[in-house]
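The values are calculated or read from the model by the stated rules, or taken from the named source; none is laboratory data. Being a predicted model, the structure only gives us computed values, none of them experimental. With ideal geometry, Cβ positions are generated from the backbone for all residues, glycine too; neighbour counts draw on all protein chains shown. Note: areas computed on protein heavy atoms with side chains; ligands, DNA, RNA excluded. Shrake-Rupley method; radii C 1.70, N 1.55, O 1.52, S 1.80 Å.
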Amino acid sequence: MKSINNSSIVLNRHPQGKACVEDFRLVNQPVASLKPGEFLVENIWLSIDPYTRPRLNPNITYVEPIKLEHLIQGETVGRVIQSKSPKYQVGQLVFAFTGWQKYCVLNEHDFMVYVLPDTTLPESVFLGVAGTPGRAAYFGINKIAKPKPGETMVVSAATGAVGSVAGQLGKIAGCKVIGIAGTEEKCRYAVETLGFDSCLNYNCKGLAKALAHECPDGVDVYFENVGGRVSAIVARYLNQGARVPICGSAALYDEGQDVDGNTLSQFYSSLPNAPESRFFLVTEWFNEYTNSIEWLIKAVESGQLHYRETITQGLEQAPQAFIDLLESKHIGKQLVRV
């Protein structure tokens, strides 16, 4: 069979502060021949995620850093185009963790690979609302926040891939939901499409005063995605017994230091009326993935959950898409159509 040339993006240098396009490099190399039990996937969709940013730092310890000249890692959806495995057939669509590349050889025993379930939805949803971001919201809300009808929930990064689902789950649970986002367009989207009760622009003056006005009875649940100034403001209004699922700390990612969940956990633990706060990873509930995906798919199909995607065309544009994500130039899930 004719040899296939693979394009991939590697780490060219460690970012100094904010990431830039020059920190990445496009490389090409032939794809290895398949061995028994292996199959070849041609990627269609690439997930662009904020949690990749700390992994570009050389001194991080809570997750494995990406080394220089190594592939930038990430989730993908692709199609099997060759197979020497009875478990995977040519033509099947699969979710995998193959990274920023056009092709990838996988083994039938690889842990994070599954054939996409049947749905009328586009396959890209398995990287967004029915993928890891959707599951992060689903588990963060159901396992940690446990919202009750009539409570007040605040969600930071409210129109991102995780926050948009978390806020809608809060509404389904009967909460008053206040979003925090970075532009007036995003705030309108949160209210008019996602169904939030209101959404505040953190770039406008008077965020603390506006939040106090929207949350006269305080905050019972804060879904934490950003850290930094926004978290310090929300913390003023947390009620006794409040719950804070900590999903991310995007405001801290460019600092170059070892930022992990403990950074924010320690902050919340130090408050006079410390809330119940916990940094979590979706893999903690890996055995519940199938049920969570089924629920999320049905919720989207039935119109309970709405989603939006920001799509960039071409693998070579992945670094710019990543930078746009970190600069909050997207709405919903940031994707690259490979």
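Compute, for the chain, the length of the dipole vector about the Cα centre, with Cβ point charges of +1 (Lys, Arg) and -1 (Asp, Glu) only. Units Debye, rounded to 20.
Here the size comes out at about 100 debye.
Could you tell me the accessible area of THR283 in Å² (1.4 Å probe, neighbours in place), rounded to the nearest ten?
Near enough 80 Å² of accessible area.
Can you give me the % of accessible surface on the chain that is carbon or sulfur? Probe 1.4 Å, all protein chains present, nothing else counted.
50
If we restrict to alpha carbons, what Rg and Dmax does the chain come to, in Å?
20.3, 68
Using only Cα atoms, find the angle between the long axis of helix 163-172 and the longest principal axis of the chain, and express it within 0 to 90 degrees, rounded to the nearest 10.
The two axes meet at around 60 degrees.
Accessible area per residue, 1.4 Å probe, Å², for the chain: what's the number?
44
Could you work out the pair-distance distribution P(r) of the stretch 1-140 from its alpha-carbon pairs, with 10 angstrom bin width and percents rounded to whole numbers?
Spelled out per bin, shortest first, that is 11, 37, 35, 16, 1.
Mind listing the lone cysteines of the chain, meaning no other Cys beta-carbon sits under 4.7 Å from theirs?
Those would be CYS20, CYS104, CYS175, CYS204, CYS215, CYS247, since no other cysteine Cβ in the chain comes under 4.7 Å of theirs.
At 1.4 Å probe size, what's the solvent-accessible area of CYS20? Round to the nearest 10 Å².
For CYS20, the solvent-accessible surface is approximately 40 Å².
Going Cα to Cα from LYS67, which lysines come in below 18 Å? Please leave out same-chain ones fewer than 8 positions away.
Candidates past the 8-residue exclusion: LYS18.
Whose amide H sits under 5 Å from the amide H of VAL162, counting only residues 5 or more places off or on another chain, with H placed in the peptide plane?
Long-range HN contacts for VAL162: none found.
Could you please state, rounded to a whole Å, how far the C-alpha centre of the stretch 292-338 is from the C-alpha centre of the stretch 33-64?
If you average the Cα positions of each part, the centres end up 17 Å apart.
Sequence gap at least 6, Cα distance under 8 Å: using those rules, report the relative contact order of the stretch 1-103 to the nearest whole percent.
So the answer I get is 33 percent.
Once you mark the GluC sites (Glu not before Pro) that are in a DSSP loop and have at most 15 other Cβ atoms within 10 Å, what is the longest gap between them in the chain?
Segment 109-326 is the longest.
Just the accessible area for TYR189, please: 1.4 Å probe, Å², rounded to the nearest 10?
Here the accessible area works out near 20 Å².
Which value, in Å to one decimal place, does the Kirkwood hydrodynamic radius take for the stretch 143-209 when every pair of different Cα atoms is included? Show your work: numbers first, answer last.
Details: mean 1/r = 0.0857 Å⁻¹.
Averaging 1/r across every pair of different Cα atoms and inverting gives 11.7 Å.
Please report, in whole Å, how far the alpha carbons of the stretch 75-156 spread along each principal axis, starting with the longest.
54, 24, 22
For ILE81, ILE297, ILE172, write out the residues from largest to smallest accessible area, computed with a 1.4 angstrom probe and no ligands counted. Present the calculation step by step, with values, prior to reporting the outcome.
Working: ILE81 55, ILE297 15, ILE172 75 Å².
Heavy-atom accessible area, descending, gives ILE172, ILE81, ILE297.
Take VAL27, VAL90, VAL154 and sort them by solvent-accessible surface of the protein heavy atoms, 1.4 Å probe, largest at the top.
Order by accessible area, largest first: VAL90, VAL27, VAL154.
For LYS176, give me every one of the lysines with a C-alpha distance below 20 angstrom, ignoring sequence neighbours fewer than eight places off in its own chain.
LYS143, LYS146, LYS148, LYS186, LYS209
Return the FRET efficiency for the residue pair CYS204, ARG236: r is the Cβ-Cβ distance, R0 is 22 Å, and the value is rounded to the nearest 0.05.
Efficiency at R0 = 22 Å is approximately 0.80.
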